[in-house]
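Remarks on the structure that follows.
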Amino acid sequence: MTKIILSPKISKRIEQGHPWVYDNEVADIQGDLQQGEIVEVFNHKKKFVGKGYANPRSHILVRLLVNHPKEEINRNLFKKRIEQALKYRQQLGYQGSFRLVFGEADFLPALVIDKFNDYFSIQTLAFGIDQFKNEIVDVLEEIFKKESLSFGIYERNDVPVRELEGLEQKTGFLSKPFEPQTIINENGFKMLVDIANGQKTGYFLDQTANRAALAPFVKNAEVLDCFSHTGSFAIHAAGYGAKKVSAVDISEFASKTAQENAKLNGLESKIECITANAFDLLSDWSKENRQFDVVILDPPAFTKSRGNVENALRGYKEINLRGMKLLKKGGFLVTCSCSHFIKPDIFKNVIYEAALDAGKIVREVLYKPQGNDHPFLWNVEETLYLKFYILQII
Ligand code: SAH
């Protein structure tokens, strides 16, 4: 087994449980390192730190899975970790549809598994974990297949980050083929999830609790939901008593699904689904002096790299500034950022700058991270990515 010896300065972070070893943090590689190989990692004093999968093609050279030399990385380990992940969610009361495995935060680096009723949408985002796809599929079958006729697994590996790992992007069935659509129950609302065509794994489960938090702010309100995808915030708003909701997304597919979802919930008379660029629409509607009681902004991650943070901040500032201008005095801005490169204090600051430019006062009502089925580790800051605010704009 190839041995990786860490440079002195970085040992501490990794010994404290951060599972990533970057290629520039290594003092020595002893052996002929192969892509996907399980390696042993030692600190600069040759003390064992852990074992994990390596990829010499990736900037993240090793992702650690275990910190005991006797612990093996095999089907049993994956089974144990997936069972632990399930137990944690069950303890919190999750049923039916939830994120079952959230990568590093469930000690399964680069693995994502979302459960939508009896269907599983999975992503293997690093070369090492991709080698264990069959074992993972097997474990899911063992735990969940029961007598259920509708059990199914679909891979949503159409993620550019896989190419940095030397993997191709792909999608498809990892079980017997099935109709990859299902209607989930989210906070009592019906949401159609298209596992093959929805964004990312098919649906954004990370905002489930945050959507429920809308209830007190939308009664009889006129609501604008920008970047609405399949309309989940819009449907919650309408279901919680909003008078009228405009849901905007640039994707025709997303808007159509949002419309279907509105019908499924008997809310179609209250929800108008618009296919448009939210930047343009926000600008046009502020010129027209349109006013709303609640504006929701849940944009895509404007940056997927550290290098692009400045551009992303300009994007956040622009939409938040425009969003605030569209609010009636005392209205509520629901604003989010889902990029872990934008740290919470930076996001807060950019909203504050937008408020200063707009001449508004911000009263913070609520701040939440991603839902508990997407837990985050304090020692792995990359696992905290979602910031969700409800702000009163005065
Ligand atoms: N609010 C959604 C998730 C939003 S994800 C939910 O709760 O499910 C981001 C969405 O923004 C995607 O659906 C994407 O199609 C859309 N999008 C990306 N760029 C956009 C733009 N410039 N204008 C409008 N929508 C955009």
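The values are calculated or read from the model by the stated rules, or taken from the named source; none is laboratory data. In this text the structure is predicted, and so the values were computed from the model without any measurement. Note that each Cβ is placed from the backbone with ideal geometry, even for glycine, and that neighbours are counted across all protein chains shown. Note: accessible area is taken over every heavy atom of the protein model, side chains too, but ligands, DNA and RNA are not part of it. Shrake-Rupley method; radii C 1.70, N 1.55, O 1.52, S 1.80 Å.
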Filter result (away from the ligand (no atom under 15 Å from the Cβ) and open to solvent by less than 20 Å² (accessible area, probe 1.4 Å)) within the stretch 327-357: Leu327, Gly331, Phe347, Val350, Ile351, Ala354, Ala355
For the stretch 128-141, indicate whether the set of residues that are under 30 Å from Pro56 (Cα atoms), modelled with pLDDT under 95 and hydrophobic (A, V, I, L, M, F, W, C) is non-empty. no
Qualifying positions in the stretch 25-36 - open to solvent by 40 Å² or more (accessible area, probe 1.4 Å) and within 19 Å of Leu111 (Cβ to Cβ): Gln35
If Gln90 meets every condition in (1) within 18 Å of Ile113 (Cβ to Cβ); (2) open to solvent by less than 80 Å² (accessible area, probe 1.4 Å) apart from one, which number is that one? (2)
Output for Cβ contacts, cut-off 9 Å, separation at least six or different chains, first residue more than 12 Å from Ala54 (Cα to Cα) in the stretch 22-40, second modelled with pLDDT of 95 or more and not aliphatic (A, V, I, L, M), reads Asp28/Lys3; Gln30/Thr2; Gln30/Lys3; Gly31/Thr2; Gly31/Lys3; Gly31/Glu37
In the stretch 176-195, the residues that are touching a Lys or Arg at 6+ places or on another chain (Cβ under 8 Å) and either open to solvent by 10 Å² or more (accessible area, probe 1.4 Å) or away from the ligand (no atom under 15 Å from the Cβ) (or both): Ile183, Asn187
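Looking only at the stretch 1-19, count every residue that is surrounded by 13 or more Cβ atoms within 10 Å (Cβ to Cβ), touching a His at 6+ places or on another chain (Cβ under 7 Å) and not polar (S, T, N, Q) and tell me the total.
Of the stretch 1-19, the ones surrounded by 13 or more Cβ atoms within 10 Å (Cβ to Cβ) are 2-7, 10-11, 13-15, 17-19.
With the extra rule that they be touching a His at 6+ places or on another chain (Cβ under 7 Å), the set shrinks to 5-7, 11.
Remaining after also requiring not polar (S, T, N, Q): 5-6.
Residues meeting the conditions: 2.
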Give the stretch 196-213 a look and list any residue that's part of a loop (DSSP other than H, G, I, E, B) and either within 11 Å of the ligand (Cβ to nearest atom) or open to solvent by 30 Å² or more (accessible area, probe 1.4 Å) (or both), or say none. Asn197, Gly198, Gln199, Lys200, Gly202, Tyr203, Phe204
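For residues that are touching a residue at least 12 places away in the same chain (Cβ under 8 Å) and over 26 Å from the mean Cα position of the chain (by Cα), scanning just the stretch 243-271, find the one that is nearest to the ligand (Cβ to nearest atom). Spell out how you get there, then give the answer.
Filtering the stretch 243-271 for residues touching a residue at least 12 places away in the same chain (Cβ under 8 Å) gives 243-262, 264-265, 267, 270-271.
Imposing the further condition that a residue be over 26 Å from the mean Cα position of the chain (by Cα) reduces the set to 243-244, 267, 270.
Details: Lys243: 20, Lys244: 18, Leu267: 16, Lys270: 17 Å.
Restricting to residues being touching a residue at least 12 places away in the same chain (Cβ under 8 Å) and over 26 Å from the mean Cα position of the chain (by Cα), the top hit is Leu267.
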Would you check if Glu72 is assigned to a helix (DSSP H, G or I), open to solvent by 70 Å² or more (accessible area, probe 1.4 Å), within 21 Å of Thr124 (Cβ to Cβ) and modelled with pLDDT of 95 or more? no
Tally up the residues in the stretch 98-109 that are surrounded by fewer than 23 Cβ atoms within 10 Å (Cβ to Cβ) and among the small types (Gly, Ala, Ser), please. 1
State which residue pairs qualify: first residue at negative phi and inside the stretch 272-296, second residue aromatic (Phe, Trp, Tyr) and within 14 Å of the ligand (Cβ to nearest atom) in any location, beta carbons under 8 Å apart, and separation of 6 or more residues or different chains. Ala278/Phe227; Ile296/Phe233
Would it be correct to say that Tyr22 is surrounded by fewer than 15 Cβ atoms within 10 Å (Cβ to Cβ), at pLDDT 95 or above and within 16 Å of Phe127 (Cβ to Cβ)? yes
Only residues that are open to solvent by 50 Å² or more (accessible area, probe 1.4 Å) and within 14 Å of the ligand (Cβ to nearest atom): list them for the stretch 303-317, please. Lys304, Asn311, Arg314
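Name the residues in the stretch 372-394 that are of a type outside the set (Val, Ile, Thr) and open to solvent by less than 10 Å² (accessible area, probe 1.4 Å), would you? Before the answer, list the steps.
Applying the first criterion (of a type outside the set (Val, Ile, Thr)) to the stretch 372-394 yields 372-379, 381-382, 384-389, 391-392.
Within the stretch 372-394, Asp373, His374, Leu386, Lys387, Phe388, Leu391 qualify.
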Residues in the stretch 287-301: is at least one open to solvent by 80 Å² or more (accessible area, probe 1.4 Å), more than 30 Å from His59 (Cβ to Cβ) and not in a loop (DSSP other than H, G, I, E, B)? yes
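Give the residue, chosen from Ile122, Ile113, Ile136, that is open to solvent by less than 20 Å² (accessible area, probe 1.4 Å), within 18 Å of Ser175 (Cα to Cα) and not in a strand (DSSP E or B).
Numbers: Ile122 fails: not in a strand (DSSP E or B); Ile113 fails: not in a strand (DSSP E or B).
The unique qualifying residue is Ile136.
Restricting attention to the stretch 266-282, which residues are in a helix (DSSP H, G or I), surrounded by fewer than 16 Cβ atoms within 10 Å (Cβ to Cβ) and in contact with a helix residue (DSSP H, G or I) (Cβ under 8 Å, 6 or more places away or on another chain)? Full working, then the answer.
Kept after step one, since they are in a helix (DSSP H, G or I), are these residues of the stretch 266-282: 278-282.
Next, from what is left, pick out any that are surrounded by fewer than 16 Cβ atoms within 10 Å (Cβ to Cβ): 279-280.
The one that is in a helix (DSSP H, G or I), surrounded by fewer than 16 Cβ atoms within 10 Å (Cβ to Cβ) and in contact with a helix residue (DSSP H, G or I) (Cβ under 8 Å, 6 or more places away or on another chain): Phe279.
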Phe279 being farther than 19 Å from Gly202 by Cβ, in the same structural domain as Glu318 (by TED's automatic domain parsing) and either more than 14 Å from the ligand (Cβ to nearest atom) or not aromatic (Phe, Trp, Tyr) (or both): no
Going through the stretch 214-242 one residue at a time, which ones are over 18 Å from the mean Cα position of the chain (by Cα), surrounded by fewer than 24 Cβ atoms within 10 Å (Cβ to Cβ) and within 8 Å of the ligand (Cβ to nearest atom)? none
